[in-house]
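J.: I'd like to ask some things about the structure below.
The values are calculated or read from the model by the stated rules, or taken from the named source; none is laboratory data. Being a predicted model, the structure only gives us computed values, none of them experimental. As a convention, Cβ positions derive from the backbone with ideal geometry for all residues, glycine included, and neighbour counts pool all protein chains shown. The area values use the complete protein model at the heavy-atom level, side chains included, leaving out ligands, DNA and RNA. Shrake-Rupley method; radii C 1.70, N 1.55, O 1.52, S 1.80 Å.
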Amino acid sequence: MPVKRYLRQRFFPQLWCAGCGHGQIMASLIRAIEELGLQKNNVVVVSGIGCSSRMPGYLDFHTLHTLHGRALAFATGVKMGRPELNVIVPMGDGDASAIGGNHLIHAARRNINITAIVMNNNIYGMTGGQSSPTTPVAAKSTTAPLGNIDPAFDLVELAKGAGASFVARSTTYHSKEMQNMFVKAINHKGFSFVEVLTQCPTYYGRKNEGVSPTEMMKKFATTTTSIGSPKKKENPELIERGVFVDQERTEYASSYCEMINQMRKQK
Amino acid sequence: MKRSNVATQKFIQGNEAVVEGALYAGLGFYAGYPITPSTEIAEQLAEKLPARGGKFIQMEDEIASMCAIIGAALTGQKTMTATSGPGFSLMQEALGYAVMAEVPCVVVNVQRTGPSTGIATTVAQADVMQARWGTHGDHAIIALTASNLQDLFRITVEAFNMAETYRTPVILLIDEVVGHMREKLTIPAPGEYQVVDRLLTSVPSGIDYHPYLPREDGRLPMSDFGGVHRYNVTGLIHDMWGFPSTDPAVAYNLIHHLVDKIENMELEIARYQEFFTEDAEILLISYGSSARSALQVVEDRRKQGVKMGLLELNTLWPFPAEAVRRNSAGKNYILVVEMNMGQIYQEVKKAVQNPERVYLANRFDGIFISHNDIGKVLNLIQGKGV
Ligand SMILES: Cc1ncc(C[n+]2csc(CCOP(=O)(O)OP(=O)(O)O)c2C)c(N)n1
Ligand code: SF4
Ligand SMILES: [Mg+2]
């Protein structure tokens, strides 16, 4: 698998900690792009700020590393500027759902053809382990030393509620499944949203799990289950994986282009 | 849409003159969020842009608007947003991003009374310093303004030209009175005004392209997203490939470059107009709508035989210190006329050799400064009482 072909090796080694899940997500994304046969010049990767958001720098595409939470707003400009490009937006959980929550729901509402990937490690990794909107209740962080009392977002429900026309969830343990979802999400014409549960051994792990990165990742095998599996009935705590929404709905950038054509005909 | 090949005349509002200027300059993408007194710009462009094949989008807020125009600019479009104080405050972080990543774009601020929500419908010129220093970190910025529609049209075209020439966001800092007043505007025929298009790299495909390595003349040819060169754009301190760096030498050189490429160009960027300045003993310095009242005072007093002149600034940043210094030399009084508590007044004092002769005529209560307001201050400094 020629993953290297898609990397800017000049800028290696990358900055992620050993055992961080973000690199695994990058690898699955590259494989998905390879599988789709996308031309490198037709791919733009836009990110915000966070450990997750450092991904684009390592990728040999057009890459735009922006501001904390604002990746989807920048990406909307890119997509409107050149709708023929594939726009992929990897984000952190804090990036996407705290500071960037407003842009997330509006990009979903517009159904603009962008692929959003949330690399959810339930923590602010880059700033050293503070709570995020997906930190579970009772989990510890540097800003919740006695355990978190803030209820967490279910990002899949959030994306569904906002109108995303493709919504899926996977984990770093399920790399092939994740890759398949990326393929579907990038192919989808409309706003696609993929949440990937991932491990931050350095902060979330150390405060809460006290196990090796590999153990953290393997836990996703037992804490999650496929959509519709009978296991969920036995244990409602299990987090479902799979494609939750896959609908056809008018896409924003193309309906704008249609409007331009109509206006031109009228003149 | 048909584009006429001859000059056309219109009787329109200042905000519409911005729209006409932007379209003349080749605007391709606008993102914005409604706010008084700038909203007409968005409303007009929602109709006019798609009719010309361009694109308009109403974003969820001003932060998103600023981000979207940067994203679209990187695909090769000329882009703009427009707002007023509260929205301009929200844009500051992304404005700094455009400075750092050297992305050409135009940001219009139709100033209203602040701080905070202030008075939404009344005039002010109190965002002059925010335009200069609103975003964090050492940087330079270009800010332009105008007092009438013909100048506003021209300066709007120049805002786009400067954005392309210097690869920087340019702020069009107008005010409520100019934005809303109606006047005749003659739109020049295409080609009559210079329009600067994006400087694209001549580096061919397959050869290492350095998006952030300035040429000898300081300029940075671009390559559009979707083109043959794939590079990184970031708000972090970055090297010549656009890749993040914490090397102090890289940081030093980049910050110097960002400041010098504009500050060293003061004379090229300075736009100003001199009215009756040659033999003037008293000099008024003003800009935007205030300059209209200032000019009226000058014309009135000239009729009474008073040797008075006006220096009207169209470039506010980088501050046209040379023009101010030259015009102020040897004057008995220099009176700065503006609608804030002395933001340009302080700059003038710094620039001139006779700062003790610099006075301020101002208003900041939402009421347009009149020739009477200025006349009273003049009488006072001339020892004539009010
Ligand atoms: C406006 C702004 N506020 C705060 C920060 C500091 N900051 C940087 S990354 C980050 C959170 C990162 O967490 P997440 O988005 O979950 O990404 P991760 O590092 O976990 O991958 C914060 C708060 C910032 N860069 N900008
Ligand atoms: S701090 Fe956490 S999220 Fe960041 S690189 Fe290290 S392991 Fe990954
Ligand atoms: Mg995180």
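J.: What residues qualify as long-range amide H neighbours of B:ALA143, i.e. H under 5 Å apart, gap of 5 or more or another chain, H built at 1.01 Å from N?
T.: Result for B:ALA143 returns B:ILE171, B:LEU316, B:TRP317.
J.: How much of the DSSP beta bridge set in the protein assembly as shown is antiparallel, as a percent to the nearest 5?
T.: On the way: 22 of 90 bridges.
Antiparallel bridges: around 25 percent, rounded to the nearest 5.
J.: Where in chain B lies the longest segment free of trypsin sites (Lys or Arg not before Pro) that are both loop residues by DSSP (not H, G, I, E, B) and have at most 13 other Cβ atoms within 10 Å? Intermediate results must be reported in sequence, preceding the final value.
T.: On the way: sites that count: B:LYS2, B:ARG3, B:ARG215, B:LYS384.
Here the longest run is B:4-214.
J.: Rounded to a whole number, what % of the accessible area of the protein assembly as shown do carbon and sulfur atoms account for, probe 1.4 Å?
T.: On the way: 13110 of 25270 Å².
Result for the protein assembly as shown: 52 percent of the exposed heavy-atom area is carbon or sulfur.
J.: I've got another one for you. Would you mind working out the accessible area per residue for the protein assembly as shown, using a 1.4 Å probe, and quoting it in Å²?
T.: Working: 25270 Å² over 653 residues.
On a per-residue basis, 39 Å².
J.: Looking at the calculated P(r) for segment A:1-137, what percent of the C-alpha pair distances fall above 18 Å? Spell out each step's value before the answer.
T.: On the way: 4902 of 9316 pairs.
The calculated P(r) of segment A:1-137 puts 53 percent of pairs beyond 18 Å.
J.: Scaled to the compact-protein estimate 2.2 N^0.38 Å, what is the alpha-carbon radius of gyration of segment A:19-266, rounded to two decimal places?
T.: Details: Rg = 17.8 Å, N = 248, 2.2 N^0.38 = 17.9 Å.
Its radius of gyration relative to the 2.2 N^0.38 Å reference: 1.00.
J.: Can you tell me the alpha carbon radius of gyration of the protein assembly as shown divided by the globular rule-of-thumb value 2.2 N^0.38 Å?
T.: My calculation over the Cα atoms of the protein assembly as shown gives 1.06.
J.: Pairing the Cα long axis of helix A:101-110 with the longest principal axis of chain A, what angle in degrees results, from 0 to 90 and rounded to the nearest 10?
T.: Helix A:101-110 sits at roughly 40 degrees to that axis.
J.: Using only alpha carbon positions, build the gyration tensor of segment B:273-383, then give the equivalent ellipsoid semi-axes as the square roots of 5 times its eigenvalues, largest first, whole angstrom.
T.: Working: eigenvalues 63, 57, 33 Å².
So the three semi-axes of segment B:273-383 are 18, 17, 13 Å.
J.: Hey, another quick one. Sum -39500 (n - 2.57) across every DSSP H segment of at least 4 residues in chain A, then divide by the residue count to get the 222 nm mean residue ellipticity, nearest 500. Each step should come with its number before you reach the end.
T.: Working: 9 runs with 91 residues, N = 267.
After summing the helix terms and dividing by residue count, I get -10000 deg cm²/dmol.
J.: Looking at chain B, send over the antiparallel percent of its DSSP beta bridges, to the nearest 5.
T.: Antiparallel bridges make up about 30 percent of those DSSP assigns within chain B.
J.: Could you sort out which of A:LYS265/B:LYS55; B:LYS184/B:LYS376; B:LYS307/B:LYS349 sit more than 20 Å apart by Cα distance in this structure?
T.: Working: A:LYS265/B:LYS55 17 Å; B:LYS184/B:LYS376 31 Å; B:LYS307/B:LYS349 22 Å.
Beyond 20 Å between Cα atoms: B:LYS184/B:LYS376; B:LYS307/B:LYS349.
J.: First measure r as the distance between the Cβ atoms of A:GLN266 and A:LYS40, then evaluate 1/(1 + (r/R0)^6) with R0 = 35 Å and state the FRET efficiency to the nearest 0.05.
T.: 0.35
J.: Ok, one more. Using alpha carbons only, what's the Rg to Rh ratio of segment B:49-172 with Rh from Kirkwood? Intermediate values should be presented prior to the final figure.
T.: Working: Rg = 13.9 Å, Rh = 14.8 Å.
Reported Rg/Rh, Kirkwood definition of Rh: 0.94.
J.: Give me the mean projected area, in nm² to one decimal, of the convex hull enclosing the Cα positions of chain B.
T.: On the way: hull surface 79.9 nm².
Quarter of the Cα hull surface area: 20.0 nm².
J.: Around A:GLY129, what is the net charge, scoring Lys/Arg as +1 and Asp/Glu as -1 over all other residues with Cβ under 10 Å from its Cβ? Write out the running numbers ahead of the final one.
T.: Details: positive: A:LYS140, A:ARG206, A:LYS207; negative: none.
Counting the neighbours of A:GLY129, the net charge comes to +3.
J.: Whole Å is fine, so just give me how far the alpha carbon centre of segment A:107-139 lies from that of segment A:1-38.
T.: So the separation of the two Cα centres works out to 20 Å.
J.: Separate question: Find the centroid of the Cα atoms in segment B:307-386 and in segment A:140-166, then give the distance between the two in whole Å.
T.: 55
J.: Let me have the 222 nm mean residue ellipticity of chain B computed from DSSP H runs of 4+ only, each contributing -39500 (n - 2.57), with the sum over all residues rounded to the nearest 500. Let's see the in-between values first.
T.: Details: 14 runs with 144 residues, N = 386.
Only helices count here, giving -11000 deg cm²/dmol.
J.: Enumerate the whole-percent occupancy of each 10 Å bin, from 0 to the last occupied one, for all C-alpha pair distances of segment B:65-120.
T.: Reading upward from the zero bin: 26, 49, 21, 5.
J.: How charged is the neighbourhood of A:MET26? Take every other residue with its Cβ under 14 Å from the Cβ of A:MET26, and add Lys/Arg as +1 and Asp/Glu as -1.
T.: On the way: positive: A:LYS4, A:ARG5, A:ARG8, A:ARG31, A:ARG54; negative: A:GLU34, A:ASP60.
Summing Lys/Arg as +1 and Asp/Glu as -1 gives +3.
J.: Roughly speaking, what is the centre-to-centre gap between segment A:185-234 and segment A:73-88 when only Cα atoms are used, to the nearest Å?
T.: First find each Cα centre; the distance between them is then 28 Å.
J.: Once you put a point 7 Å from the Cα of A:LYS4 and another 7 Å from the Cα of B:SER116, both along the Cβ direction, what distance in nm separates them?
T.: Calculated label separation equals 6.1 nm.
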